[in-house]
Every structure is written in C-alpha cells, then in structure tokens.
Amino acid sequence: MKIIHCSDLHLDSKMEANLDREKSKQRRNEILLSFQKMIEFANKNDVEIIIIAGDLFDKNKISVKTKNIVRDAIISNPQINFIYLKGNHDEENLIEGDIPENLKLFNKYNWISYRYENIVISGIEFGQRENYEIYKTLMLNQNDFNIVILHGQEANYVDKKDKTEIINLKELKNKNIDYLALGHVHKYKMENLDNRGIYCYCGCLEGRGFDECGDKGFMLLDIQDNNIKTKFIKNSIRNLEEIEINISGTMTTTEVKIRIDKQIENIDKNNLVKVILTGKVDIDSERDIDYLSKIYNDEFYFLKIYDKTTLKINYLDYENTASLKGEFIRLILGEDISEEEKKQIIMTGIRALSNEEI
C-alpha cells in the first residue's frame, strides 16, 4: 500500500510578510494548487491514503472558496482515504456539512484507529487531556504495521504541567510504532524512534517565509509485507532561498552587484530570495541597496537584500584628522549606541557629506 504523509499546509495563510497584495493573493492560490498537485501525484502513483498531520488551514476564518476546493477535492477522489488530524491552527468547524465517507477524523478525548488490512493508523489531537496521559492509553498490536499521527513539537521530556503541543518521544518508544507521522515543524526531518520504528516531520507543502527555506513537499510511504520504503517528494511551486554574500573589499554598487550576480546565477528566478550582505566594508565605500533591489526585483519573482556588513574603521586614521568627516566620525564613535546604529549613521553622514542622495 502507498500512503502520503503531509502536514502544515496552512491554507489561506495571509502571505503578507514580504509580498504586495497581488503577489500575496497569488501565493495563497499557489498553496491551494500545491494541495491539488499532491492529489494528482497520488492518483498517478496509486496512493490509497493521504495523511494530513495537522494545520490543513491557517486560521479559523477560511474563505468559502478554500473550503469548497478542499471539500470537492476529497469528494471527487473517493478512491483515496484522507486521514486528517487537526493541528493547533485548525478549528472544529472548518469541514462543514456532512463528513465525506473517505474523510477520517480524530478527536481530543481518546485514540482513534483506522485499519487497512494489517496497516493500522492511529491518532489523537492535543487539547483535552494532559499530554502525559495520552501515552499510557496507546495500545498497538505488535503484529500490525502501526502508523501513529501526532501534531506538536518533539521533546524527550515533558513537564506534567505543560499542556502545550509537546510530543514526548521517550514515551512513544517501544510502543510497536513503525512510522510516527508528525506535523507542526515545517522542515523535513526523519530519525529512528527506537529499534523498530522511525519518526518523521515531512515539513510543509509550500514555504511561506524565509524561516522555511529549501525544498518543500511530502513523504511517500510504500509498505509491503510490513516493510516500509520512504521517499521525500518535492512538491512546492516556488522555493524560498537565503544566501549570504561576503562583499568585503568592494567600494562601489557595481562591485557589489558583480558579487551578487556570481552567487545567484544558478537560482531559479521564479523563487523568492533573501540576500544577506556580510563582511567588513571600507568607510568610504558606497552601495545603493534600493537601486540593487530594483534591478533584481525586475528579474526575480521576489528578491530582497539585507545589508548586515560592518564598517572597517581604523580609529587612528581619524584620531587627529581636522576634516569635517573626521570630526563627524569621532562624534558618532563616541556615542553610547549599538554598532549597527553607528554604522547606519556614519554611512548616511558620509553620503550626505559626499552630496549623494540619502
């Protein structure tokens, strides 16, 4: 049997952190398209079950369009069982009306299991019972192939007073779990749970911010005779990428552009890119970040540049300089402010003294 494990789709997420209104709307639609793209993959590859390990939606106010698309996708694929465990962003009323026969749900009160021959899929939602209690009531047959679904942050110890979504991996060891399908963490991770089973965060289908860089997608499980083969399937329409570029030694905007061009030449221009400029730069160097951003935003779907350089200042050069520049630099260096503030003030002042646009 082939099974997909996905999580953290966050449908109808605002997507407004970096994008304008038009592109935010486009990215919201692309997350929906990623969901449909995954179902198309399932149909082409004889997948019988899609596990959604929480946070299918992003908030409690979901558009009618999104609800209809999700419901229609489930109903129009009766050959696939959608096994959906709600996460901390999901609400009770997001699947409205009669529950489709091929949509299987869980609750916060007790473990619920679904059997497919010798494959048993079990899950419970956090929120009603204290977390430390749920592990005692998980009973699995050692002769079955057991998949367990949970949504929360992994840990190896949980305080009994802690009622947040914390998954105590230690308490799940030696429970006859073969595959622990987790949601909540948006980055792919797979490790051994114990001598028998593995646990996996499949990550999200589509990155939403620059804390979610890299390939995004879902896990494909192929289970035959109680043996499992796993494969990560890239599914994202666009990737988010973060690149650090050392521009030490550059003196002009053109030289900075040459450094950037070299580092981003192989990046897909449909992606969203965050460029961080680092290194030590001369106090007399110039670089116009707004100008550079304009150039690259005409080339890429989205590219943003952050200047995290530090100033290379030889304090002795300005200790006795009688010039206006020297007086200004000595004044700022003597202020009780952060190094970043000093850099910004000095660079702005130098540009003003050089009759450049600020």
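Only one of 277, 221 is under 30 Å from residue 196 (Cβ atoms), surrounded by 18 or more Cβ atoms within 10 Å (Cβ to Cβ) and modelled with pLDDT of 95 or more; which?
When all the criteria are applied, what remains is 221.
When the stretch 177-188 is examined, which residues are found to be under 25 Å from residue 137 (Cβ atoms) and assigned to a loop (DSSP other than H, G, I, E, B)?
177, 178, 184, 185
Taking the stretch 194-209 only, how many residues are touching a residue at least 60 places away in the same chain (Cβ under 8 Å) and closer than 23 Å to residue 124 by Cβ?
5
Kindly provide the set of residues from the stretch 1-20 that are at pLDDT 90 or above and of a type in the set (Lys, Arg), ordered by number.
The answer is 2, and nothing else.
Within the set of pairs 6 or more residues apart or between chains, which connect a residue that is not assigned by TED's automatic domain parsing to the domain that holds residue 47 inside the stretch 101-118 to a residue that is among the polar types (S, T, N, Q) and surrounded by 16 or more Cβ atoms within 10 Å (Cβ to Cβ) with Cβ atoms less than 8 Å apart?
Correct list of pairs: empty, since none qualify.
Evaluate the following for residue 171: is it part of a helix (DSSP H, G or I) and among the charged types (D, E, K, R)?
Here the answer is yes, as residue 171 does meet what is asked.
Yes/no matrix, rows are residues, columns are (1) assigned by TED's automatic domain parsing to the domain that holds residue 121; (2) surrounded by 14 or more Cβ atoms within 10 Å (Cβ to Cβ); (3) free of Cβ contacts under 8 Å to residues at least 60 places away in the same chain:
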residue: 23; (1), (2), (3): yes, yes, no
residue: 28; (1), (2), (3): yes, yes, yes
residue: 34; (1), (2), (3): yes, yes, no
residue: 37; (1), (2), (3): yes, yes, no
residue: 44; (1), (2), (3): yes, no, yes
residue: 50; (1), (2), (3): yes, yes, yes
residue: 59; (1), (2), (3): yes, yes, yes
residue: 63; (1), (2), (3): yes, no, yes
residue: 66; (1), (2), (3): yes, yes, yes
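If you check 191, 212, 242, which single one turns out to be of a type in the set (D, E, K, R), touching a residue at least 12 places away in the same chain (Cβ under 8 Å) and not in a loop (DSSP other than H, G, I, E, B)?
242
With (1) within 16 Å of residue 295 (Cβ to Cβ); (2) surrounded by 16 or more Cβ atoms within 10 Å (Cβ to Cβ); (3) of a type outside the set (A, V, I, L, M) as the list, and residue 262 as the residue in question, which single condition is left unmet?
Among (1) within 16 Å of residue 295 (Cβ to Cβ); (2) surrounded by 16 or more Cβ atoms within 10 Å (Cβ to Cβ); (3) of a type outside the set (A, V, I, L, M), residue 262 violates only (2).
Taking residue 230 as meeting all but one of (1) touching a residue at least 12 places away in the same chain (Cβ under 8 Å); (2) out of contact with any helix residue (DSSP H, G or I) (no Cβ under 6 Å at 6 or more places or on another chain); (3) not assigned by TED's automatic domain parsing to the domain that holds residue 119, write down the number of the exception.
Status for residue 230: all satisfied but (3).
Which one is nearest to residue 66 (Cα to Cα), of the residues in the stretch 8-24 that are more than 14 Å from the chain's Cα centre (by Cα) and either of a type in the set (Ser, Thr, Tyr) or in a helix (DSSP H, G or I) (or both)?
Checked the stretch 8-24; the qualifying residue nearest to residue 66 (Cα to Cα) is 24.
What residue, among those in the stretch 287-299 that are in contact (Cβ under 8 Å) with a residue 12 or more places away in the chain and surrounded by fewer than 18 Cβ atoms within 10 Å (Cβ to Cβ), is nearest to residue 266 (Cα to Cα)?
Only one residue fits best here, namely 299.
I'd like the full set of residues that are more than 17 Å from residue 146 (Cβ to Cβ) and surrounded by 17 or more Cβ atoms within 10 Å (Cβ to Cβ), limited to the stretch 174-190.
Those that are more than 17 Å from residue 146 (Cβ to Cβ) and surrounded by 17 or more Cβ atoms within 10 Å (Cβ to Cβ): 183, 184, 185, 186, 188.
The values are calculated or read from the model by the stated rules, or taken from the named source; none is laboratory data. Just so it is clear, the model here is predicted, and its values are computed rather than measured. Please note: Cβ atoms are built from the backbone with ideal geometry, for glycine as well, and neighbour counts cover all protein chains shown.
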